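The values are calculated or read from the model by the stated rules, or taken from the named source; none is laboratory data. If you're wondering where the values come from, they're calculated on a predicted model, not measured in any experiment. Cβ placement follows ideal geometry from the backbone for every residue including glycine, while neighbour counts extend to all protein chains displayed. Areas reflect the complete protein model, heavy atoms only, side chains present, ligands, DNA and RNA absent. Shrake-Rupley method; radii C 1.70, N 1.55, O 1.52, S 1.80 Å.
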Amino acid sequence: MNDVYYSALEYKQEQLSLFESNVKSDRTDLDLLFGCLLEWGLPLSLPYGSEQIEGCTVHNYNDGDLIACFDEKVPVSVIKKIAQKQPLRAVFRDSSFSDSPSKINVEEIFKLLAPDTRVKVI
């Protein structure tokens, strides 16, 4: 994640575009995935795979212990397919959603299709 060294009052309006993404620009999907695994205390030795769903890369760790998609503007149809897999945990990037209502919609999709899944947005 990007480091933020200053308080909000120390920034100027023209600098706000620097913070559109909270992820460092040189980080890959795997960097983000393994960061999430470490954060949740999951062992790094379990099987991992990825697949393309409607052009989006979806990472699956240990057959559904954690499913992640870090693509930008992920379609609702892909989110539904992820939820149908009923993972224990699902992780998305903040930029995976085009707007705030889309992010709220993700939570509702998971409540309906996979109510036991813990959803996290980084």
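Table for the structure above
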| read-out | value |
| --- | --- |
| Yes/no for P87 being modelled with pLDDT of 95 or more and over 19 Å from T117 (Cβ atoms) | no |
| Filtered residue count, segment 68-86, keeping only those that are under 13 Å from K103 (Cβ atoms) and either in contact (Cβ under 8 Å) with a residue 60 or more places away in the chain or part of a helix (DSSP H, G or I) (or both) | 2 |
| Per-region count, segment 45-59, residues on the phi < 0 side of the Ramachandran plot, part of a loop (DSSP other than H, G, I, E, B) and open to solvent by less than 90 Å² (accessible area, probe 1.4 Å) | 2 |
| Segment 94-122, subset among the basic types (K, R) and open to solvent by less than 70 Å² (accessible area, probe 1.4 Å), residue nearest to H59 (Cα to Cα) | K120 |
| Residue among D116, D63 that alone is in contact with a Gly (Cβ under 9 Å, 6 or more places away or on another chain) and either in a loop (DSSP other than H, G, I, E, B) or modelled with pLDDT under 95 (or both) | D63 |
| Boolean, V91 is exposed (fewer than 14 other Cβ atoms within 10 Å of the Cβ) and at negative phi | no |
